[in-house]
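Input: a single structure, listed below in structure tokens.
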Amino acid sequence: MGDRKQKPVLLSGIQPSGNLMVGNYFGAIKNWVTLQGQYDCLFPLVDLHAITVRQNPAELRARCYDFLALYIACGIDPDQNTVFVQSHVPAHAQLAWILNCFTYMGELNRMHQFKEKASRSEQNISAGLFDYPVLMAADILLYDTKLVPVGDDQKQHLELTRDLASRFNARYGDVFTIPEPFVPDVGGRIMSLQEPLKKMSKSDTDPNNYIALLDDADTVRRKIKRAVTDSGCSAAYDESRPGIANLVVILSCVTGESYGAIEERFAGKGYRRFKQELADAVTAFLKPLQKRYRAIRGDEKAMETMLRHGAEQARDRARPMLENIHNVLGFIPEI
Ligand code: ATP
Ligand code: LTN
């Protein structure tokens, strides 16, 4: 942490909902791991975001530990980075309120994620779901964040964050740093296995649509076997064949091979053989990660120590930013 001040800030969050899956890993977590040495990183587990849809309390709590253990198993170093739970740092919700007062209804109405999630349940859509991107903007802007590594689906939220920061700065001076998204070229948008025109999602009601990081070998094999393809027989990255193209993307993410190399290797070999090798490669990738996960998950006390330190650091870092915002808005300073 010694040289923290010299490094630009990186922040990214995942909401503890559903089952962490390969899209979350290749779209986001993998880049957190590669960038963690070069940036001063904060990784909040965004539990306030998770309650925008109804959660079972016991499951939510257990899932938070599961996700944290998975972060570490994926290679996030909790000593080098600030890993914490969003609800432990009240400044996130406080700044979200303030930013709400600078956000237009029309802007939130345009958000793809809101439209998609709201379309799943016609009635009783919460104000929280609508307001979700503003809380995300608060997460980011609270810490002078420069870089936000996320999957492609979050680009629109980042654009809103940048607009809010610029709008606020135009009125009150240079308060916020304008953040930039970092989306990987390969793996930024992994698609659903059964509905390859839809993004893979960890809260999908049908687990056959995603490969969870904790799926065992048989489950991985079964899900890949059932994945939708087409009547062709040569695996290739071809946008007019979204099912097989998505499986090629997943193989490329797991092995690091280019699409061209994969295409050559499997030319004329049939989808069955391709799927078998894909399942083997995914399993080989997940196995060591799952082994590390089990060791870490078994020690909740150690995770709690990490969370206590993470929250202390985050609260200390958020305080001066929030004080400055209150000051420029004209609030009386706390006495
Ligand atoms: P949920 O289904 O629970 O709403 P999700 O699977 O969309 O969640 P998020 O918590 O919204 O996951 O996202 C966590 C991170 O993973 C974000 O950076 C997001 O962009 C990335 N991500 C999510 N889905 C994919 C995907 N299919 N491909 C690549 N990246 C993804
Ligand atoms: N909205 C994000 C999760 C998220 C996030 C953040 C990502 C909440 N706060 C801050 C990056 C930075 C999503 O993936 N659904």
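The values are calculated or read from the model by the stated rules, or taken from the named source; none is laboratory data. What you see is a predicted model; the values in this text were computed from it and never measured. Here the Cβ is made from the backbone with ideal geometry for all residues, glycine too, and neighbour counts use every protein chain on show. These accessible areas exclude ligands, DNA and RNA; they are computed on the full protein's heavy atoms, side chains included. Shrake-Rupley method; radii C 1.70, N 1.55, O 1.52, S 1.80 Å.
Here each label is just a point 7 Å from Cα along the line to Cβ, and for residue 230 and residue 302 those points are 4.8 nm apart.
Between residue 144 and residue 217, full extension at 0.36 nm per residue minus the direct alpha carbon distance yields a gain of 22.1 nm. For the pair residue 261 and residue 309, label points projected 7 Å from Cα toward Cβ lie 3.7 nm apart.
About the centre of its Cα atoms, the chain shows a dipole size close to 700 debye [charges on the beta carbon of Lys, Arg (+1) and Asp, Glu (-1) only; nearest 20 debye].
How much net charge surrounds residue 176 when only other residues with a Cβ under 12 Å from its Cβ are counted (Lys, Arg +1; Asp, Glu -1)?
Details: positive: 146, 162, 167, 171; negative: 144, 163, 174.
Local charge sum for residue 176: +1.
Relative contact order of the chain: 22 percent, from C-alpha pairs under 8 Å at least 6 residues apart in sequence. Shown for region 205-335: lysine pairs separated by 8 or more places, or found on different chains, whose C-alpha atoms are under 20 Å apart, numbering 7.
For trypsin sites (Lys or Arg not before Pro), the sites in region 248-335 that DSSP calls loop and that have at most 13 other Cβ atoms within 10 Å are 269. Given R₀ = 30 Å, FRET efficiency for residue 287-residue 35 by Cβ-Cβ distance, to 0.05? Calculated transfer efficiency: 0.75. Working note: Karplus 6.51/-1.76/1.60 with θ = phi - 60° gives region 100-112 the couplings 3, 6, 10, 10, 8, 3, x, 5, 6, 5, 8, 5, 4 Hz, where Gly and Pro are set to x.
For region 89-242, the residue among 148, 233, 160 whose Cα projects farthest onto the positive side of the dipole built from Cβ charges is 233.
Counting every pair of alpha carbons in region 220-335, the share spaced more than 16 Å apart comes to 71 percent. In a simple Cβ point-charge model (Lys, Arg +1; Asp, Glu -1; nothing else charged), region 166-305 has a dipole of about 400 debye relative to its Cα centre. Each label was represented as a point 7 Å from its Cα along the Cα-to-Cβ direction; for residue 177 and residue 294 these points are 4.0 nm apart. For region 1-133, a simple Cβ point-charge model (Lys and Arg +1, Asp and Glu -1, everything else neutral) yields a dipole of about 160 debye relative to the Cα centre.
What's the longest piece of the chain with no exposed GluC sites (Glu not before Pro), counting a site as exposed if DSSP puts it in a loop and it has at most 14 other beta carbons within 10 Å? After excluding every exposed loop site, the longest remaining stretch is 1-121.
With the charge dipole of the chain set up from +1 on Lys and Arg Cβ and -1 on Asp and Glu Cβ about the Cα centre, the Cα lying farthest toward the positive end among the listed residues 205, 86, 111 is that of 205. Shown are 34, 177, whose ranking by accessible area with a 1.4 Å probe and every protein chain present, most to least, is 34, 177.
Please give the length that would be gained between residue 319 and residue 273 if that part of the chain were fully extended, namely 0.36 nm times their separation in residues minus their C-alpha to C-alpha distance (nm, one decimal).
10.9 nm
Sorted largest first by accessible area at a 1.4 angstrom probe radius, with every protein chain in place, the residues 105, 321 fall in the order 105, 321.
Residue-normalised convex hull volume from the C-alpha trace of region 81-123: 145 Å³ per residue. Shown for region 207-254 is the translational diffusion coefficient from the Stokes-Einstein equation, using the Kirkwood radius over Cα pairs, a temperature of 4 °C and a viscosity of 1.567 mPa s: 113 µm²/s. When you restrict to C-alpha pairs under 8 Å that are six or more residues apart and normalise by the size of region 1-87, the relative contact order lands at 42 percent. Stretched out straight at 0.36 nm per residue, the stretch from residue 77 to residue 159 would grow longer than its current Cα-Cα span by 26.6 nm. Which one, 335, 12, 250, projects farthest toward the positive side of the charge dipole computed for the chain from Cβ point charges (K/R +1, D/E -1)? Farthest towards the positive pole: 250.
Based only on Cα atoms, what mean projected area does the convex hull of the chain have, in nm²? Mean projected area for the chain: 18.6 nm², to one decimal.
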